[in-house]
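Have a look at the structure below before the remarks.
The values are calculated or read from the model by the stated rules, or taken from the named source; none is laboratory data. Keep in mind that what you see is a predicted model, and the values were worked out from it rather than measured. Reconstructed Cβ throughout: ideal geometry from the backbone, glycine too, with neighbour counts over all protein chains shown. Quick note on the areas: whole protein, heavy atoms, side chains included, nothing else; ligands and nucleic acids left out. Shrake-Rupley method; radii C 1.70, N 1.55, O 1.52, S 1.80 Å.
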Amino acid sequence: MIDYTLTRSVASAVASVENLVWKYRPLDASDSAFIREYVQNRAVEGMYQVNGRMGVLWWKVA
């Protein structure tokens, strides 16, 4: 298991979340406002961070 932190600018984080939502349904003005507010409220010095954990698997092909 590998712990990681994804760091991006507020603008990049907002665009990323908007693109994710857009895959499932059109965005309206209230969606965009909510996403901007959510990201900005959790940003530190203009940077938004997300902590995560991922697993890495490897195997030997016979």
> With a sphere of radius 14 Å drawn around the Cβ of Gly46, what net charge do the other residues whose Cβ falls strictly inside it have (Lys, Arg +1; Asp, Glu -1)?
Replying inline: +2
>> Can you tally the net charge around Thr7? Count Lys and Arg as +1, Asp and Glu as -1, for every other residue whose Cβ sits under 13 Å from the Cβ of Thr7.
In response: +1
> At a 1.4 Å probe radius, carbon and sulfur cover how many percent of the accessible area of the chain?
Replying inline: 57 percent
>> Can you work out the Karplus-derived ³J(HN,Hα) for every residue in region 25-35? Use 6.51 cos²θ - 1.76 cosθ + 1.60 with θ = phi - 60°, whole Hz, and x for glycine or proline.
In response: 6, x, 7, 10, 4, 5, 4, 4, 5, 4, 5
> How would Met47, Met1 rank on accessible area, largest to smallest, probe 1.4 Å?
Replying inline: Met1, Met47
> For region 1-54, which trypsin sites (Lys or Arg not before Pro) are in a loop by DSSP, counting at most 14 other Cβ atoms within 10 Å?
Replying inline: Lys23
> Could you give the accessible area per residue of the chain, probe 1.4 Å, as a whole number in Å²?
Replying inline: 87 Å²
> Rounded, prolate or oblate: which fits the chain when a ≥ b ≥ c are the square roots of the eigenvalues of the alpha-carbon gyration tensor, with rounded for a/c under 1.5 and prolate only if a/b beats b/c?
Replying inline: oblate
